[in-house]
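Asker: Just passing along the structure, written as structure tokens.
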Amino acid sequence: MTTVVKTPRAPAPASGGAGAPGPRAKRSLLRRILGRQPLGLLFSSPYLVFVLAVFAFPIVYSVWISFHDFFFAAPGANPARPFVGFDNYIAAFSDPQVIRSFGNVGIFLLINVPLTVVLSLLLASALNRVVHARTFLRVSYYVPYVTASVAVVAVWLFLFNGNGLVNTVLGPLAPDPSWLINDKLAMPVIAIYVTWKQLGFYILLYLAALQNLPKELYESAATDGAGAIRRFFSVTVPGVRPATLLVLLVSTVTGANLFTEPYLLTGGGGPNGASATPVLLMYQLGIQQGQPDVASAIGVVLVIGVLIIAFLQNRFVGERES
Amino acid sequence: MTTTTNLTDDELSGPETPDARIRTLRHRRVSGWTRTQTIVRGVVLGLGAVVFLFPFYYMVVGALQKSPDPTIAGAFPNPANLTFDNFVNVNERINLVSGLVNSGIFTGGVLLCTVVFGVLVGYALAMMKWRGARATFALALLVQVIPFQLLQIPLYVLIARDYGLADTHIGMILPFAINSTAVIIFRQYFLQLPKELFEAARIDGAGEIRLLWSIALPLVRPALVTAVLLTFIGPWNEFLWPFLITKDAALQPLAVSLANYISTVAASTDNPFGAILAGATVLAAPVVVLFIVFQRYFVSNDLGSGVKG
């Protein structure tokens with residue numbers, strides 16, 4: 001991957017503007033510290049500053065906030081924010097709504113992640129073999145992924161509301177209360193919505209992996225008499241395992257950060273918090289109700305949870321050799 | 001198992017050498033896909049495409065009906081009954097033009113920063129040797145798995161409260177300014193360029209900026225399109241961050257003003273769907289059109305490598 005750094009290159013004598021012009025000794029010292037082309041660091045500095053300011057510092061800050069009595073103050077004001085230990089965590093997790101939101105996101109992940117893996121792999125391997133209308137099919141699978149969730153949620157609201165098309169088609173089979181106001185069905189509908197919306201991206205990842213699978217494997221499996229189903233399970237599934245791990249990780253991270261869909265599709269996590277998610281509560285508690293410290297505590301626990309799931313996925317699906 | 005020739009199967013590989021041709025012919029005979037399986041595959045993919053496209057069709061049809069009809073007949077209206085009234089209605093409530101302009105500024109700012117600074121760091125990572133190059137690349141990979149939502153509270157505190165950038169375009173753009181996936185795509189493309197070209201130009205005394213501008217950039221134009229397309233989707237569709245930071249309706253991107261319209265008006269109006277769907281169509285159209293026009297740049301290999309590194 002990072003072959004650039006390894007391959008030794010003949011020293012470029014007049015490498016334009018590499019390092020500050022100066023005495024030879026000073027220049028070589030600078031090179032020893034910064035590498036052969038210190039200009040690279042200069043080129044990268046805007047990005048590094050950006051990552052530090054927008055990712056690294058806020059993450060540390062978030063953890064700091066979660067251990068202090070933190071409240072919003074006017075710009076410039078510097079009020080005392082005493083260290084309070086785990087108080088914010090205790091406050092967050094003695095709220096049954098918070099506990100429930102973690103349960104909700106668990107339900108979401110249990111539906112969304114397996115469905116995503118199975119459907120995207122099946123559709124990608126079918127798509128990989130098709131020739132006619134290939135572009136049309138690719139585009140139709142990717143369109144929901146590239147479209148704003150806010151726009152697509154509008155259609156789903158229309159489709160799944162009390163007297164929407166879905167219930168009209170189902171007639172007497174329509175659930176009562178209807179999909180999005182039913183506390184048993186709200187979260188599953190959101191999970192299916194997100195699966196549908198994001199599937200194109202995962203199909204894309206699987207297609208890349210499938211194109212790297214050697215055709216000879218399929219040939220020899222077919223010669224040995226393996227049928228299509230057998231070949232799928234014995235050649236395709238093991239062959240795309242790195243991509244499967246990636247799909248698992250990305251869909252878990254995306255799922256744990258669910259916000260827009262419960263906010264809009266079920267009117268802010270309704271009915272009665274049955275589709276509230278931790279990130280939605282972080283917004284409600286942290287920004288609407290002015291308790292950023294409690295919200296940060298929820299965020300820290302959420303991230304730890306995701307890291308644990310990601311570690312387990314990596315352990316059981318990832319390549320054992322590496 | 002089967003000898004049924006399946007023409008659809010391996011035309012893809014496009015045999016160029018006689019060797020490959022022979023391999024393909026043999027492959028075709030043993031490929032093991034019966035006609036039935038091919039048909040099943042076609043039907044599944046076709047049905048899938050319908051499931052994926054129908055909501056979009058329904059969005060447009062609903063937007064063009066005076067009061068969208070939720071029955072089955074409503075999905076196939078008489079073209080004579082279609083009207084643009086809903087677009088006028090929604091425009092009275094949320095000012096589509098200012099929403100589109102704000103979305104445009106937000107997206108444009110992100111694109112500008114990503115292209116300028118992303119190309120610089122991508123070039124430095126691929127073409128130059130400096131201490132910290134590996135760490136910077138690892139950072140660009142790591143950043144992609146950091147959930148933005150975790151950062152919402154500290155970023156809100158910093159940007160809205162400490163820096164007083166709430167209700168400004170800069171505050172909106174800042175957290176998205178440089179797209180790390182684009183950085184990785186740039187690096188990947190620069191790596192593929194022949195090194196000799198750059199050595200020769202360096203010996204001729206060309207500076208790095210000049211190398212980048214006159215040699216590297218013209219050669220990686222497809223990467224620019226891919227990265228721009230991919231970066232465009234992010235801010236244009238982003239909801240949570242601009243929603244947190246803009247309370248002033250005149251500054252809200254379209255996704256935010258439409259979402260506010262959905263969550264406040266949906267409950268109070270009798271049949272709000274016509275106007276909502278019209279707004280949704282306006283929000284979705286630019287991305288969908290761009291994507292269809294440039295879909296050949298949206299290829300699995302680029303993005304796959306972008307995400308995997």
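Asker: Which one of these does A:P278 not meet: (1) of a type outside the set (D, E, K, R); (2) open to solvent by 10 Å² or more (accessible area, probe 1.4 Å); (3) touching a Ser or Thr at 6+ places or on another chain (Cβ under 9 Å)?
Answerer: With respect to (1) of a type outside the set (D, E, K, R); (2) open to solvent by 10 Å² or more (accessible area, probe 1.4 Å); (3) touching a Ser or Thr at 6+ places or on another chain (Cβ under 9 Å), A:P278 is out only on (2).
Asker: From the list A:L245, A:L265, A:L258, which one is within 30 Å of A:L213 (Cα to Cα), more than 8 Å from every other protein chain (Cβ to nearest Cβ) and among the aliphatic types (A, V, I, L, M)?
Answerer: Working: A:L265 fails: within 30 Å of A:L213 (Cα to Cα); A:L258 fails: within 30 Å of A:L213 (Cα to Cα).
Result: A:L245 is the single residue among A:L245, A:L265, A:L258 that is within 30 Å of A:L213 (Cα to Cα), more than 8 Å from every other protein chain (Cβ to nearest Cβ) and among the aliphatic types (A, V, I, L, M).
Asker: If B:Q65 meets every condition in (1) exposed (fewer than 13 other Cβ atoms within 10 Å of the Cβ); (2) over 26 Å from A:Y218 (Cα atoms); (3) of a type in the set (S, T, N, Q) apart from one, which number is that one?
Answerer: B:Q65 satisfies every listed condition except (1).
Asker: Of the residues that sit in region A:151-197 and are open to solvent by 40 Å² or more (accessible area, probe 1.4 Å) and in a helix (DSSP H, G or I), which one is farthest from A:E261 (Cα to Cα)?
Answerer: A:P172
Asker: Within the bounds of region B:146-169, is there any residue that is assigned by TED's automatic domain parsing to the domain that holds B:G99, more than 23 Å from A:V279 (Cβ to Cβ) and in contact (Cβ under 8 Å) with a residue 24 or more places away in the chain?
Answerer: Yes, because at least one residue in region B:146-169 is assigned by TED's automatic domain parsing to the domain that holds B:G99, more than 23 Å from A:V279 (Cβ to Cβ) and in contact (Cβ under 8 Å) with a residue 24 or more places away in the chain.
Asker: Restricting attention to region B:280-291, which residues are of a type outside the set (F, W, Y) and either more than 7 Å from chain A (Cβ to nearest Cβ) or under 11 Å from the mean Cα position of the chain (by Cα) (or both)?
Answerer: B:T281, B:V282, B:A285, B:P286, B:V287, B:V288, B:V289, B:L290
Asker: Just for region A:208-217: of the residues that are within 8 Å of chain B (Cβ to nearest Cβ) and touching a Gly at 6+ places or on another chain (Cβ under 8 Å), which one is nearest to A:A154 (Cα to Cα)? Working first, answer last.
Answerer: Initially, region A:208-217 is screened for residues within 8 Å of chain B (Cβ to nearest Cβ), giving A:208-209, A:211, A:215.
Okay, now just the ones that are also touching a Gly at 6+ places or on another chain (Cβ under 8 Å), so A:208-209.
Values: A:A208: 32, A:A209: 34 Å.
Looking at residues that are within 8 Å of chain B (Cβ to nearest Cβ) and touching a Gly at 6+ places or on another chain (Cβ under 8 Å), I get A:A208.
Asker: Can you report the number of residues in region A:235-248 which are touching a residue at least 40 places away in the same chain (Cβ under 8 Å) and either surrounded by fewer than 17 Cβ atoms within 10 Å (Cβ to Cβ) or of a type outside the set (S, T, Y) (or both)?
Answerer: 8
Asker: All but one of (1) under 30 Å from B:I39 (Cα atoms); (2) part of a helix (DSSP H, G or I); (3) more than 10 Å from chain B (Cβ to nearest Cβ) hold for A:L204, so report the exception by its number.
Answerer: Condition (3) is where A:L204 drops out.
Asker: Here is a list: A:S149, A:S140. Which entry is touching a Leu at 6+ places or on another chain (Cβ under 9 Å), within 14 Å of B:V51 (Cβ to Cβ) and not hydrophobic (A, V, I, L, M, F, W, C)? Give the derivation first.
Answerer: Working: A:S149 fails: within 14 Å of B:V51 (Cβ to Cβ).
None of the other options fit; the residue is A:S140.
Asker: Being charged (D, E, K, R) and part of a helix (DSSP H, G or I) is the filter; apply it to region A:214-234 and report the residue that is surrounded by the fewest Cβ atoms within 10 Å (Cβ to Cβ).
Answerer: Narrowing region A:214-234 to residues charged (D, E, K, R): A:215-216, A:219, A:224, A:230-231.
Restricting the remaining residues to those that are part of a helix (DSSP H, G or I) gives A:215-216, A:219, A:230-231.
Details: A:K215: 14, A:E216: 10, A:E219: 18, A:R230: 15, A:R231: 19.
Among them, the one singled out is A:E216.
Asker: Separate question: Can you tell me which residues in region A:249-267 are closer than 18 Å to B:W241 by Cβ, assigned to a loop (DSSP other than H, G, I, E, B) and open to solvent by 10 Å² or more (accessible area, probe 1.4 Å)? Can you show your working first?
Answerer: Here is the first cut: in region A:249-267, the residues closer than 18 Å to B:W241 by Cβ are A:253-254, A:256-264.
The next check asks that each one be assigned to a loop (DSSP other than H, G, I, E, B); those that pass are A:257-259.
The one that is closer than 18 Å to B:W241 by Cβ, assigned to a loop (DSSP other than H, G, I, E, B) and open to solvent by 10 Å² or more (accessible area, probe 1.4 Å): A:N257.
Asker: Wholly within region A:44-139, which helices (runs of 4 or more DSSP H) include no fewer than the required count, namely at least 1 residues that are more than 14 Å from chain B (Cβ to nearest Cβ), open to solvent by 20 Å² or more (accessible area, probe 1.4 Å) and aromatic (F, W, Y)? Write out each step before concluding.
Answerer: Numbers: elements: A:57-66, A:87-93, A:96-129.
Hits in region A:44-139: A:87-93, A:96-129.
Asker: Could you tell me whether region A:142-149 includes any residue that is open to solvent by 30 Å² or more (accessible area, probe 1.4 Å) and of a type outside the set (F, W, Y)? First the steps, then the outcome.
Answerer: First pass over region A:142-149, keeping only residues open to solvent by 30 Å² or more (accessible area, probe 1.4 Å): A:145.
Okay, now just the ones that are also of a type outside the set (F, W, Y), so none.
Within region A:142-149, not a single residue is open to solvent by 30 Å² or more (accessible area, probe 1.4 Å) and of a type outside the set (F, W, Y).
Asker: Determine whether region A:4-17 contains at least one residue that is at negative phi, open to solvent by less than 20 Å² (accessible area, probe 1.4 Å) and modelled with pLDDT of 90 or more.
Answerer: no
Asker: Give B:L197, B:L219, B:L174 a once-over and let me know the one that is without any contact (Cβ under 8 Å) to a residue 40 or more places away in the chain and buried (at least 19 other Cβ atoms within 10 Å of the Cβ).
Answerer: Going through B:L197, B:L219, B:L174 in turn, the sole match is B:L174.
Asker: In the set A:T195, A:T252, A:T277, which member is modelled with pLDDT of 90 or more, over 28 Å from B:S257 (Cβ atoms) and β-branched (V, I, T)?
Answerer: From the options A:T195, A:T252, A:T277, the qualifying one is A:T252.
Asker: Go through (1) out of contact with any Pro (no Cβ under 7 Å at 6 or more places or on another chain); (2) under 23 Å from A:V150 (Cβ atoms) for B:A124 and report which single condition fails.
Answerer: Only one criterion is unmet by B:A124, namely (2).
Asker: Follow-up. Got a sec? Which helices (runs of 4 or more DSSP H) wholly within region B:192-268 have at least 3 residues that are facing another protein chain (nearest Cβ under 10 Å) and among the charged types (D, E, K, R)?
Answerer: B:195-203
Asker: Would you point out the residue of region B:114-153, among those that are of a type in the set (V, I, T) and facing another protein chain (nearest Cβ under 7 Å), that is most open to solvent (accessible area, probe 1.4 Å)?
Answerer: The initial filter retains those residues of region B:114-153 that are of a type in the set (V, I, T), namely B:114-116, B:119, B:121, B:136, B:143, B:145-146, B:153.
After this cut, where a residue has to be facing another protein chain (nearest Cβ under 7 Å) as well, the list is B:121, B:136, B:143, B:145-146, B:153.
Values: B:V121: 0, B:T136: 5, B:V143: 13, B:V145: 85, B:I146: 37, B:I153: 2 Å².
So, considering only residues that are of a type in the set (V, I, T) and facing another protein chain (nearest Cβ under 7 Å), the one most open to solvent (accessible area, probe 1.4 Å) is B:V145.
Asker: Would you pick out the residues in region B:163-183 that are in a loop (DSSP other than H, G, I, E, B) and either modelled with pLDDT of 90 or more or among the hydrophobic types (A, V, I, L, M, F, W, C) (or both)?
Answerer: Of everything in region B:163-183, those that are in a loop (DSSP other than H, G, I, E, B) and either modelled with pLDDT of 90 or more or among the hydrophobic types (A, V, I, L, M, F, W, C) (or both) turn out to be B:L165, B:A166, B:D167, B:T168, B:A177, B:I178, B:N179.
The values are calculated or read from the model by the stated rules, or taken from the named source; none is laboratory data. Small disclaimer: the values here were computed from a predicted structure and weren't measured. Positions of Cβ are generated from backbone atoms using ideal geometry, with glycine treated the same way; all protein chains shown enter the neighbour counts. Keep in mind that these areas ignore ligands, DNA and RNA; they rest on the heavy atoms of the full protein, side chains included. Shrake-Rupley method; radii C 1.70, N 1.55, O 1.52, S 1.80 Å.
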